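K.L.:
Attaching a single structure in structure tokens format; questions to follow.
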Amino acid sequence: MKTPLLQVVHKLLEDLDTPISLKVNTLIKNGEWDQIANLGINPTHYIDSPFGAERFKRDSQAVNLLRKAVFLPIKVDREQAAHDTFWAAEKQCKQTNDRFDPRFIRDELHELDPRMAAYFGRVRKMIKTILGPIPQNIELSFGPGATFEMEGVRLQWPRTRSVQRALNGLPRKFTLSDKLKRTPAVTADARSIFEHYFWPSTWGRHHLSQVRQTISETRGNRFTTVDKTAVTDRGICIEPGGNVCLQLPIGAHIRRRLQRYNLLLPRSKEIHMQLACVGSLHGGLCTVDLSAASDTVAKHLVKYLLPDEWYCLLDSLRSHYTRIKKPGSKKETWVLLEKFSSMGNGFTFELETLIFACLAASLQDEGVLSLGSTVNVFGDDIIVPKDSAHDLISVLRFTGFTPNSKKTFVDGPFRESCGGDFFCGIDVRSHFIKGEPIEPTDWIGLANGLYRRLCNMHLRNAPGYRARLRALDQLPNDIRSFRGPYELGDIVIHDVTSRWRPIIKDSIRWFHCLVPFFPKVPLWVNGGHLHMAAALWGRSSTGEVPRRCEPLGYKKELVPFS
């Protein structure tokens, strides 16, 4: 960790002024990074403490400050930890598949517990009601991430200094035009559906006339990892491009069906945070979170719960195999999956939301009417009434899921959901340092995070005041005067309104901001025949900005804010 960031961290931990923060500060000075990355905190220990919410907020900030800092020099192999999680989830799904084996599940449920059979009957009926009939038409859609067939591709970018500098020769920063140019890959089960929509499209016509290659076929997806915390990466699977083009519109269709029942609305995250706040005050609502939720949705569970036509559709579009290294092996091999789908699949999020919502709502007397009122679900973030929380946890365990004890709260004054942490109705969410600040907007983002999470930053005795000043010291003098509202994001320093210096013109306030600018790859780089296809998918003729590429630089601009 470089000295400027260390100064910010030390000042913050000193000002938090608790035994926990002093302990973390000492560990940092001694270079005990592994201990820092594995620290935890339990909100139940603060229930009977005077000013429990404030003490918990300070200790939580001290513990969580570097918990997601992937640049810490710890000894843990984060990629291997993600692989271990994958295999543990597969083992768990195997046990669930044995329990929900189609040959035995219906008879065994009636024999073991008729009430359980009746309960799952309600779940299946609710899922059928929400989903309705399968869609009769699918519009191919593209996601922002990489696809299976792009592996190892080195792109021919234009020989302009600005583009080369930003992309730095890396092969993974793809644009839509790159995906259109490549021969799409698809699994055998999804091939007939994909070809039905692919060949009549502008993309398909270009491919037929110019490339003159058949669609490539692959057995499934491939496993990779992305950053998660300081001690582990997150495992995801990169799907074949043809499958993703079909999965995304199916996921969008399921989302629209769920929105009819007040789930996955545009404001669902904010609603979850409000309900978590209410639950922390009155205790009537509980928050339930699951470990590796998407990786533990077993294929036989999906087959048992979903209508046959829906299961056949989703099963034909998913990847049945993953290419991954087996434990103890250095070579990748194809593995038949026990899970139904993973992160990277275009409908995984919507499918798990549907299953968890129906498992929770079927425990309520109101049934489907409880969705969006007493039962709210966003992915694996579940909010239910307290009187049914323990029953839901038991059902989740029976269906092969693992409630996360560190993030599930049934009793006490603490609730957590969708990035909102509340203790007796008080926001106690911490600020996380994920990457080491390098660019000016990184330092602005750090200062804004401290300002947002540690309230009253304009008071000199507020915790974090000095740390915020240390972060702002890394900025040039003229940029330190760029103060404005939080709605503008990290292109401006958040502060109280008395320190804003807007320019008012035609009744509109204009703020001085530091705006990053990115390179645009012209569409002609990947062939003029793809212009029409790219335009039909909403790309500008001026070019595309590759995903996750570094900015070329920053410029001072006046940005309107009414």
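The values are calculated or read from the model by the stated rules, or taken from the named source; none is laboratory data. Given the structure is predicted, the values throughout are model-derived calculations rather than measurements. Cβ coordinates were reconstructed from backbone atoms using ideal geometry, including for glycine residues, and neighbour counts include every protein chain displayed.
K.L.:
Please determine whether any residue of the stretch 388-396 is surrounded by fewer than 14 Cβ atoms within 10 Å (Cβ to Cβ), free of Cβ contacts under 8 Å to residues at least 12 places away in the same chain and of a type in the set (S, T, N, Q).
P.N.:
Yes, because at least one residue in the stretch 388-396 is surrounded by fewer than 14 Cβ atoms within 10 Å (Cβ to Cβ), free of Cβ contacts under 8 Å to residues at least 12 places away in the same chain and of a type in the set (S, T, N, Q).
K.L.:
While we're on this one: Which one is modelled with the lowest pLDDT among residues in the stretch 521-562 that are charged (D, E, K, R) and crowded, with 18+ Cβ neighbours inside 10 Å?
P.N.:
Here the residue is Arg539.
K.L.:
Sticking with this one: For the stretch 323-347, how many residues meet the condition of being closer than 16 Å to Arg257 by Cβ and not aromatic (Phe, Trp, Tyr)?
P.N.:
1
K.L.:
Take the residues in the stretch 189-201 that are part of a helix (DSSP H, G or I) and touching a His at 6+ places or on another chain (Cβ under 9 Å), then tell me which one is farthest from Met150 (Cα to Cα).
P.N.:
Asp189
K.L.:
Select from the stretch 479-503 the residues that are part of a strand (DSSP E or B) and over 12 Å from Gly445 (Cα atoms) and list them in ascending order.
P.N.:
Residues satisfying the conditions are Arg483, Gly484, Ile503.
K.L.:
Here is a further query. Which condition does Trp443 not pass, out of (1) in contact with a Pro (Cβ under 8 Å, 6 or more places away or on another chain); (2) outside any helix (DSSP H, G or I), if it passes all the others?
P.N.:
(2)
K.L.:
Return a yes/no flag: does the stretch 400-408 have any residue that is within 23 Å of Asp98 (Cβ to Cβ), out of contact with any strand residue (DSSP E or B) (no Cβ under 9 Å at 6 or more places or on another chain) and buried (at least 23 other Cβ atoms within 10 Å of the Cβ).
P.N.:
Taking every residue of the stretch 400-408 in turn, none turns out to be within 23 Å of Asp98 (Cβ to Cβ), out of contact with any strand residue (DSSP E or B) (no Cβ under 9 Å at 6 or more places or on another chain) and buried (at least 23 other Cβ atoms within 10 Å of the Cβ).
K.L.:
Only one of (1) farther than 30 Å from Leu552 by Cα; (2) touching a strand residue (DSSP E or B) at 6+ places or on another chain (Cβ under 7 Å); (3) not in a loop (DSSP other than H, G, I, E, B) is not met by Arg429, so which one is it?
P.N.:
So the condition that Arg429 fails would be (3).
K.L.:
What do you reckon, is Ser21 more than 27 Å from Arg234 (Cβ to Cβ) and in a helix (DSSP H, G or I)?
P.N.:
So Ser21 passes the test.
K.L.:
Mind listing whichever residues of the stretch 233-263 are β-branched (Val, Ile, Thr) and farther than 25 Å from Val377 by Cβ?
P.N.:
Result: Ile238, single match.
K.L.:
Would you be able to say whether some residue in the stretch 33-43 is modelled with pLDDT of 90 or more and among the acidic types (Asp, Glu)?
P.N.:
yes
K.L.:
Out of all the residues in the stretch 26-34, is one or more within 30 Å of the chain's Cα centre (by Cα), touching a residue at least 60 places away in the same chain (Cβ under 8 Å) and not in a helix (DSSP H, G or I)?
P.N.:
No: zero hits.
K.L.:
Give the residues of the stretch 304-325 that are more than 22 Å from Lys228 (Cβ to Cβ) and charged (D, E, K, R), sorted by residue number.
P.N.:
Within the stretch 304-325, Asp308, Glu309, Asp315, Arg318 qualify.
K.L.:
How many residues are polar (S, T, N, Q), closer than 26 Å to Ile271 by Cβ and over 23 Å from the mean Cα position of the chain (by Cα) if we restrict to the stretch 419-458?
P.N.:
So the answer is 0.
K.L.:
Can you give me the ranges of the helices (runs of 4 or more DSSP H) entirely in the stretch 299-404 with at least 3 residues that are under 21 Å from His272 (Cβ atoms)?
P.N.:
Here the list reads 348-361, 386-398.
K.L.:
Looking for whichever is crowded, with 20+ Cβ neighbours inside 10 Å and either over 30 Å from Pro437 (Cβ atoms) or not β-branched (Val, Ile, Thr) (or both) here; the options are Lys75, Lys128, Lys57. Which one fits?
P.N.:
Lys57
K.L.:
For Gly412, state whether it is surrounded by fewer than 21 Cβ atoms within 10 Å (Cβ to Cβ) and under 18 Å from the mean Cα position of the chain (by Cα).
P.N.:
So Gly412 does not fit the description; no.
K.L.:
Take the residues of the stretch 462-519 that are of a type in the set (A, V, I, L, M) and at pLDDT below 90: which is surrounded by the fewest Cβ atoms within 10 Å (Cβ to Cβ)?
P.N.:
Val496
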